[in-house]
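Read the structure below first, then the notes.
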Amino acid sequence: MAKFKKKKSAPTPESNDSKPKIVDDIDVPEIEKSESMPNNSKEPSKDPPINDAAKNEKDKKLSKLFWMRIALGIGAGIATTFIFEDIEGEERRWASIGFMIILFFASIIVAKAMNMQLPSSDRKKIVTQGIGSYVFLYLFSWIVSYTLTHLGDTATGINL
């Protein structure tokens with residue numbers, strides 16, 4: 001049941017908003033806030049609270065997944081140069097991009113096998129953790145390794 005307070009101070013004379021509302025010559029009392037809900041949140045969280053040890057373990061696994069994808073991107077980019085050596089032209093590009101996508105899906109399967117206990121709001125992190133770095137490092141390492149291995153094939157004037 002709500003408790004009622006009576007105002008002890010007189011209303012501010014210049015402000016219309018701070019004057020008490022009078023209905024039939026009776027002051028309308030203020031209602032105290034309920035103490036069951038915290039002041040800073042209006043709606044309770046649907047996720048269970050996570051203790052520090054579980055959060056620390058989750059962060060370690062997400063960090064491990066990130067660095068695994070970094071290493072996979074660099075290694076796969078270099079390997080692509082030699083795997084698709086026999087394919088010429090446009091087919092080499094599409095085969096390499098398909099290879100990159102297949103390896104990324106394989107890393108998602110490995111991430112799911114890591115048994116990360118993520119709250120429902122963080123379920124996308126298994127897919128999104130390190131995806132940009134993976135793609136750009138894959139492409140960068142593929143381009144650099146291809147350029148370095150085929151540097152002497154073209155008439156650029158640079159001989160190694």
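Before moving on, here are some points about what is shown:
- When the residues of region 112-145 are filtered to those that are aliphatic (A, V, I, L, M) and under 15 Å from the mean Cα position of the chain (by Cα), the one that is nearest to residue 75 (Cα to Cα) is 131.
- Residue selection: residue 111 satisfies the criterion of being crowded, with 17+ Cβ neighbours inside 10 Å and among the aliphatic types (A, V, I, L, M).
Coordinate-derived values only; no laboratory data. Bear in mind that the values here come from a model prediction, so they are computed numbers and not experimental data. Note that we place each Cβ from the backbone using ideal geometry, even for glycine, and neighbour counts take in every protein chain shown.
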